[in-house]
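Trainee: Sharing a structure below in structure tokens format, with a few things to ask.
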Amino acid sequence: MTPERLRAFCLEFNASVEEFPFGPETSVFKVLGKLFALTALDARPLTVNLKCDPDEAVRLREEHPAAIVPGWHMNKRHWNTVTASGIPDKLLRELIEDSYDLVVAGLPKAERLKLDRP
């Protein structure tokens, strides 16, 4: 997946925005103020930190040890760092969507309903 496609996919979700609180080199994708993806789009290799169910995070790390590792500078139980070139684009898209959904699930019900994700 290219950096441009990664950015575009993250911004397809309802109410998602790109911010730069850590400087211009780090893209932070949020939904209603909550982080769901963090990446340096100009880094090589391209990696992205994504929220993940703890049990699923362990399984993914075991299945893809070269491409999915505990989240860099994040809570290692709930976040993975994923090397985009190390997994199929379809899986990466699923992991991004799962991260978004986990963050949305933690929002108040009224906000979730506005996002069409009860």
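Trainee: Do the conditions hold for residue 60, that is, is it within 13 Å of the chain's Cα centre (by Cα) and free of Cβ contacts under 8 Å to residues at least 60 places away in the same chain?
Mentor: no
Trainee: Quick one: which of 37, 57, 8, 43 is of a type in the set (Gly, Ala, Ser) and assigned to a strand (DSSP E or B)?
Mentor: 37
Trainee: When the residues of segment 98-117 are filtered to those that are surrounded by 14 or more Cβ atoms within 10 Å (Cβ to Cβ) and free of Cβ contacts under 8 Å to residues at least 40 places away in the same chain, which remaining residue is nearest to residue 48 (Cα to Cα)?
Mentor: Only one residue tops the list, namely 101.
Trainee: So residue 80 fits all but one of (1) modelled with pLDDT of 90 or more; (2) in a loop (DSSP other than H, G, I, E, B); what number is the exception?
Mentor: Just one mismatch for residue 80, condition (2).
Trainee: Could I ask something else about it? Could you list, in sequence order, the residues of segment 21-39 that are loosely packed, with under 12 Cβ neighbours inside 10 Å and either touching a strand residue (DSSP E or B) at 6+ places or on another chain (Cβ under 7 Å) or polar (S, T, N, Q) (or both)? Even if it seems obvious, please write down each step before you answer.
Mentor: Going through segment 21-39, the residues loosely packed, with under 12 Cβ neighbours inside 10 Å turn out to be 21, 23-25, 33.
Across segment 21-39, the qualifying residue is only 21.
Trainee: Separate question: If you check every pair at least six apart or on different chains, which have Cβ atoms under 6 Å apart with a residue in segment 40-54 that is within 13 Å of residue 26 (Cα to Cα) first and a residue that is among the aliphatic types (A, V, I, L, M) second?
Mentor: Pairs that qualify, where the first residue is within 13 Å of residue 26 (Cα to Cα) and the partner is among the aliphatic types (A, V, I, L, M), are 46/84; 48/37; 48/82; 49/38; 49/74.
Trainee: Report the residue count in segment 61-77 for those that are of a type outside the set (Lys, Arg), over 19 Å from residue 22 (Cβ atoms) and either open to solvent by 50 Å² or more (accessible area, probe 1.4 Å) or outside any loop (DSSP other than H, G, I, E, B) (or both).
Mentor: 7
Trainee: Still on this structure, please answer the following. So, of the residues in segment 40-52 that are closer than 15 Å to residue 2 by Cα and touching a strand residue (DSSP E or B) at 6+ places or on another chain (Cβ under 9 Å), which turns out to be surrounded by the fewest Cβ atoms within 10 Å (Cβ to Cβ)?
Mentor: 45
Trainee: So which residues in segment 11-34 are outside any strand (DSSP E or B), without any contact (Cβ under 8 Å) to a residue 40 or more places away in the chain and either at positive phi or within 12 Å of the chain's Cα centre (by Cα) (or both)?
Mentor: 11, 23, 33, listed by residue number.
The values are calculated or read from the model by the stated rules, or taken from the named source; none is laboratory data. None of the values given here were measured: they were computed from a predicted structure. Positions of Cβ are backbone-derived with ideal geometry, glycine not excepted, and every protein chain shown enters the neighbour counts. Only protein heavy atoms, including side chains, enter the accessible area calculation; ligands, DNA and RNA are left aside. Shrake-Rupley method; radii C 1.70, N 1.55, O 1.52, S 1.80 Å.
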